[in-house]
Amino acid sequence: MIKAKGICKSFADKKVITGVDLDIKPGMIFGLLGPSGAGKTSLIRIITGQLVFESGEISVFGKPVSELSGEDKRQIGIMMDDHGVYDRLSCIENLKIFADIYGVPRSRIKTALAQVGLADASKKPAMKLSKGMRTRLQLARVLMISPRLLFLDEPTSGLDPMTMKYVHKLILEQKANGCTVFLTTHNMEEASCLCDEVALLNEGKIIDRGAPGEICRKYNHQKKVNIHLKSGEDLELEHGASSSGKIAELMAQGQIETIHSSEPTLETVFIELTGRKLESEEEIRYA
Amino acid sequence: MRNIWVIIKKQLADTIKNKPVLIQFVMYPVLTLIMENAVTIPDMPELFFTKLFSVMYMGMAPLTSVASIISEEKEKNTLRVLMMANVKPGEYLAGVGLYTWILCMAGAGVMATGFSAYQIPFYLAVMAIGFIISIAIGACIGVFASNQMTASSLFVPVMLVFSFVPMLAMFNDKIEKCARIFYTQQLREMLDLMTFDGLKIETPVVILINAILAITLFFIAFKRKGLE
Ligand SMILES: Nc1ncnc2c1ncn2[C@@H]1O[C@H](COP(=O)(O)OP(=O)(O)OP(=O)(O)O)[C@@H](O)[C@H]1O
Ligand SMILES: [Mg+2]
């Protein structure tokens, strides 16, 4: 579906993407993970032809991006984190514009709004929507065109857990309909439960890739057992024979409140690989 | 073609909700109707207010609305979405330009009610030319500015010059001499004559130069900035 080889891009002197290769198969959900500033948005903009790049090759639907026909582009849905909606127009009016541009029947507008749970707000002007509702309106805009290929740039950032679950459901529905999805996120959990394949992007380089479970297993050399004692104390023990005596002792004395084994998550893998946290520290610093 | 029509329809839906732009389109036609019907001053030239307001309308409404529509779409990142949906920059600009021109012509239609039937085509033709040049200047500013603030700081002085200088020219000979280089002043003189007879050669020449300048500037701005 998407093939890329050796993409490089720099802004002024700053290298933003260095030698990225991608091979995204039809029908899968591909997740691009990385901290803020890693180059996720830039990569999407390069693949979708919004940004020129210096070297490398990209093909979408088996054609170079520059040779995509209008018909091909009609089958690609793109939702970027910085895209806007028409504030003064209602949800329906917003979607009407794009239904007309893409030549999809107007009847799909209602279905799309119902799909994202905005049926009741369909006559509200977009400026009166909450952030989550706006995101869902943007999602309705891309879902309405029944894309074959869907780019979602941080589709769930800043959403509450409920809305996030809802958006996940919609993305999985798209996959079930045979749509290929390319999404970016800095939420590890999201990537683990949605994506068939993830790539970890750091400072413009892909540092590892694979199925989320596979990546986690690969780094499963730091298994730990976390124990919370009734006294309130927390213990972290090796996950192995060396700890068995200690655990048995605590267990026998009835001191244990909870006990968990901790497998690495994408989050810990990422920290191990880069020494950086994913949920960007910058965000916390500036908050 | 279809996309141009989509843009026009989008703008029409937005017009009723976008008060500042709506006022631009409606204010002078309404003022004209009121003044022509309510105020009579002895020895006042025929259709004085109609002609006065027509020139202001021409220099103001199309210029400010085109510039604010384009710059708002850039600021709010909706233009990008249109481009991603494969709307060509030319189609977008044609849509916004046509929409503005049609609405302004409708306004001019209202203002034309004071003229006798045989004068109306001449009046509308003069207005049509003025609107086109103003739209080109507005598009120039809209393309050049990346947000509404910059756009309005650019279009306010430009609009003031083109719409008010012809009025000031009535009272001051020096200003009148300077004003002759502007299309609005020349079109104003055409409205005073209301006929092609006795038209100075200077008039079409100045209008043409203004038009060429506006369109060239627009293409330069567009080449430099695109619609990003
Ligand atoms: N138009 C631009 N001009 C100059 N530098 C840019 C431009 N766009 C992005 N950059 C730089 O490219 C780098 C990657 O930015 P990008 O927006 O792709 O990051 P991201 O991974 O999407 O981050 P986030 O998670 O915060 O959205 C950043 O260092 C940014 O400063
Ligand atoms: Mg981004």
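Take the residues of segment B:1-39 that are of a type in the set (S, T, N, Q) and touching a residue at least 12 places away in the same chain (Cβ under 8 Å): which is farthest from residue B:54 (Cα to Cα)? Can you show your working first?
Kept after step one, since they are of a type in the set (S, T, N, Q), are these residues of segment B:1-39: B:3, B:11, B:15, B:18, B:24, B:32, B:37.
Subsequent filtering for residues that are touching a residue at least 12 places away in the same chain (Cβ under 8 Å) retains B:3, B:11, B:15, B:24, B:32.
On the way: B:3: 31, B:11: 23, B:15: 21, B:24: 13, B:32: 8 Å.
Step by step, filter segment B:1-39, then rank; the result is B:3.
Mind telling me which of the residues B:38, B:67, B:106, B:13 ends up being under 30 Å from residue A:94 (Cβ atoms) and surrounded by fewer than 17 Cβ atoms within 10 Å (Cβ to Cβ)?
Working: B:38 fails: under 30 Å from residue A:94 (Cβ atoms); B:67 fails: surrounded by fewer than 17 Cβ atoms within 10 Å (Cβ to Cβ); B:13 fails: surrounded by fewer than 17 Cβ atoms within 10 Å (Cβ to Cβ).
None of the other options fit; the residue is B:106.
What helices (runs of 4 or more DSSP H) lie completely within segment B:130-197 and have 2 or more residues being under 17 Å from residue B:62 (Cβ atoms)? Outline the logic, then answer.
Details: elements: B:148-169, B:173-179, B:183-193.
Correct list: B:148-169, B:183-193.
So which of B:44, B:27 ends up being over 14 Å from residue B:111 (Cβ atoms) and out of contact with any Ser or Thr (no Cβ under 9 Å at 6 or more places or on another chain)? Can you show your working first?
Numbers: B:27 fails: over 14 Å from residue B:111 (Cβ atoms).
Every option except B:44 fails the conditions.
Can you name the condition, by its number, that residue A:273 falls short on among (1) at pLDDT below 80; (2) more than 30 Å from residue A:197 (Cβ to Cβ)?
Failing condition for residue A:273: (2).
Can you tell me which of (1) more than 14 Å from chain A (Cβ to nearest Cβ); (2) not in a helix (DSSP H, G or I) is the one residue B:86 doesn't meet?
Among (1) more than 14 Å from chain A (Cβ to nearest Cβ); (2) not in a helix (DSSP H, G or I), residue B:86 violates only (1).
Whether any residue in segment A:65-73 is within 16 Å of ligand 1 (Cβ to nearest atom), closer than 23 Å to residue A:49 by Cβ and either touching a helix residue (DSSP H, G or I) at 6+ places or on another chain (Cβ under 8 Å) or facing chain B (nearest Cβ under 9 Å) (or both) is what I want to check. Quick ask: steps written out before the conclusion?
Residues of segment A:65-73 within 16 Å of ligand 1 (Cβ to nearest atom): none.
No, every residue in segment A:65-73 fails to be within 16 Å of ligand 1 (Cβ to nearest atom), closer than 23 Å to residue A:49 by Cβ and either touching a helix residue (DSSP H, G or I) at 6+ places or on another chain (Cβ under 8 Å) or facing chain B (nearest Cβ under 9 Å) (or both).
Answer yes if at least one residue in segment A:93-103 is assigned to a loop (DSSP other than H, G, I, E, B) and either within 9 Å of chain B (Cβ to nearest Cβ) or over 20 Å from residue B:81 (Cα atoms) (or both), and no otherwise. Can you show your working first?
Taking segment A:93-103 first, the residues assigned to a loop (DSSP other than H, G, I, E, B) are A:103.
So of that shortlist, the ones also either within 9 Å of chain B (Cβ to nearest Cβ) or over 20 Å from residue B:81 (Cα atoms) (or both) come out as A:103.
Checked against the condition, which is being assigned to a loop (DSSP other than H, G, I, E, B) and either within 9 Å of chain B (Cβ to nearest Cβ) or over 20 Å from residue B:81 (Cα atoms) (or both), segment A:93-103 yields at least one hit.
Would you tally the residues in segment A:120-145 being in a loop (DSSP other than H, G, I, E, B) and within 19 Å of residue B:14 (Cβ to Cβ)?
Step one: of segment A:120-145, the residues in a loop (DSSP other than H, G, I, E, B) are A:122-124, A:129-130, A:144-145.
Then keep just the ones that are within 19 Å of residue B:14 (Cβ to Cβ); that gives A:122-124, A:129.
Summing the residues that are in a loop (DSSP other than H, G, I, E, B) and within 19 Å of residue B:14 (Cβ to Cβ) in segment A:120-145 gives 4.
Name the residue, out of A:9, A:3, that is within 13 Å of ligand 1 (Cβ to nearest atom), touching a residue at least 12 places away in the same chain (Cβ under 8 Å) and more than 23 Å from residue A:156 (Cα to Cα). I'd like the intermediate steps shown before the answer.
Numbers: A:3 fails: within 13 Å of ligand 1 (Cβ to nearest atom).
When all the criteria are applied, what remains is A:9.
Any chance segment B:194-212 includes a residue that's closer than 30 Å to residue A:52 by Cβ and at pLDDT 90 or above?
Residues of segment B:194-212 closer than 30 Å to residue A:52 by Cβ: none.
Within segment B:194-212 (the criterion being closer than 30 Å to residue A:52 by Cβ and at pLDDT 90 or above), the answer is no, since none of the residues qualifies.
So which residues in segment A:15-60 are closer than 28 Å to residue A:158 by Cα, more than 16 Å from ligand 1 (Cβ to nearest atom) and within 14 Å of another protein chain (Cβ to nearest Cβ)?
Across segment A:15-60, there are no qualifying residues.
Considering every residue within segment B:18-28, establish whether at least one is among the aromatic types (Phe, Trp, Tyr), more than 14 Å from chain A (Cβ to nearest Cβ), surrounded by 17 or more Cβ atoms within 10 Å (Cβ to Cβ) and under 21 Å from residue B:95 (Cβ atoms). Reasoning before the result, please.
We begin by selecting, within segment B:18-28, every residue among the aromatic types (Phe, Trp, Tyr); these are B:25, B:28.
Narrowing the set further to residues that are more than 14 Å from chain A (Cβ to nearest Cβ) leaves B:25, B:28.
If we keep only those that are surrounded by 17 or more Cβ atoms within 10 Å (Cβ to Cβ) too, we end up with B:25, B:28.
Going one step further and asking which of them are under 21 Å from residue B:95 (Cβ atoms), we end up with B:25.
Scanning segment B:18-28 turns up at least one residue that is among the aromatic types (Phe, Trp, Tyr), more than 14 Å from chain A (Cβ to nearest Cβ), surrounded by 17 or more Cβ atoms within 10 Å (Cβ to Cβ) and under 21 Å from residue B:95 (Cβ atoms).
Could you please give the count of residues in segment A:47-58 that are of a type in the set (S, T, N, Q), within 16 Å of ligand 2 (Cβ to nearest atom) and in contact (Cβ under 8 Å) with a residue 12 or more places away in the chain?
Initial filter on segment A:47-58 (of a type in the set (S, T, N, Q)): A:48, A:50, A:55.
With within 16 Å of ligand 2 (Cβ to nearest atom) added as a condition, the list becomes A:48, A:50.
Still in the running and in contact (Cβ under 8 Å) with a residue 12 or more places away in the chain: A:48.
The number of residues fulfilling the criteria is 1.
Among the residues of segment A:59-72, is any basic (Lys, Arg), within 16 Å of ligand 2 (Cβ to nearest atom) and under 24 Å from residue A:18 (Cα atoms)?
So the first thing to find is which residues in segment A:59-72 are basic (Lys, Arg), and the list is A:63.
Within this subset, residues satisfying the condition of being within 16 Å of ligand 2 (Cβ to nearest atom) are none.
No: segment A:59-72 contains no residue that is basic (Lys, Arg), within 16 Å of ligand 2 (Cβ to nearest atom) and under 24 Å from residue A:18 (Cα atoms).
Taking segment A:146-200 on its own, how many of its residues are within 14 Å of chain B (Cβ to nearest Cβ) and either within 16 Å of ligand 2 (Cβ to nearest atom) or part of a helix (DSSP H, G or I) (or both)?
3
Out of segment A:74-92, which residues are within 10 Å of chain B (Cβ to nearest Cβ), touching a Leu at 6+ places or on another chain (Cβ under 7 Å) and in a loop (DSSP other than H, G, I, E, B)?
Passing the criteria: only A:85.
Would you point out which residue out of A:44, A:29 is away from ligand 2 (no atom under 16 Å from the Cβ), under 20 Å from residue A:188 (Cα atoms) and not basic (Lys, Arg)?
On the way: A:44 fails: away from ligand 2 (no atom under 16 Å from the Cβ).
Of A:44, A:29, the one residue that is away from ligand 2 (no atom under 16 Å from the Cβ), under 20 Å from residue A:188 (Cα atoms) and not basic (Lys, Arg) is A:29.
What number of residues within segment A:1-39 are assigned to a strand (DSSP E or B), out of contact with any His (no Cβ under 9 Å at 6 or more places or on another chain) and among the aliphatic types (A, V, I, L, M)? Explain how you work it out, then say what you get.
So in segment A:1-39, the residues assigned to a strand (DSSP E or B) come out as A:2-11, A:14-24, A:29-33.
Those still in the list that are out of contact with any His (no Cβ under 9 Å at 6 or more places or on another chain) too: A:2-11, A:14-24, A:29-32.
Right, trim to among the aliphatic types (A, V, I, L, M) and you get A:2, A:4, A:7, A:16-17, A:20, A:22, A:24, A:29, A:32.
Adding up the residues that qualify gives 10.
Being without any contact (Cβ under 8 Å) to a residue 60 or more places away in the chain and crowded, with 17+ Cβ neighbours inside 10 Å is the requirement here; does residue A:97 meet it? Give the derivation first.
On the way: without any contact (Cβ under 8 Å) to a residue 60 or more places away in the chain: yes; crowded, with 17+ Cβ neighbours inside 10 Å: yes.
Judged against the criteria, residue A:97 is a match.
Which of the residues belonging to segment A:201-238 are among the charged types (D, E, K, R) and within 16 Å of ligand 2 (Cβ to nearest atom)?
Restricting attention to segment A:201-238, the residues satisfying the condition of being among the charged types (D, E, K, R) are A:203, A:205, A:208-209, A:214, A:217-218, A:223-224, A:230, A:233-234, A:236, A:238.
Listed by number, the list holds a single entry, A:203.
The values are calculated or read from the model by the stated rules, or taken from the named source; none is laboratory data. Please read these numbers as outputs of a predicted model, since none were measured by experiment. Backbone-built Cβ (ideal geometry, glycine too); neighbour counts: all protein chains shown.
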